[in-house]
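Every number here is computed from the coordinates shown, using simple stated rules; none is lab data. None of these values were measured; they are calculated from a predicted model. For neighbour counting, all protein chains shown are included, and Cβ atoms are generated from backbone atoms with ideal geometry for every residue, glycine included.
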Amino acid sequence: MVIERTSTETVIRIPTDMMTYMEVQDLLDYLFYRDITRKSKATLKDANRLAKSVFHSI
């Protein structure tokens, strides 16, 4: 695995035999999740309340 960092981006090269396509997708999904939630002020209690509300609406 190779990690390169420039002033504007980080590039990660992963050998094709190291991870499956789905594993890479899972990693990208996690990174996307981290990006969109990093500034969130929501608490675990807020998340549980939302999940319960959604669950009861279906």
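Below is a table of values for the structure above.
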read-out: Angle in degrees between helix 21-37 and the longest Cα principal axis of the chain, rounded to the nearest 10; value: 60
read-out: Using distinct alpha-carbon pairs, which all enter the 1/r mean, Kirkwood radius of the chain in Å; value: 14.6
read-out: Sparsely packed GluC sites (Glu not before Pro) within the chain, loop by DSSP, other Cβ within 10 Å at most 10; value: E9
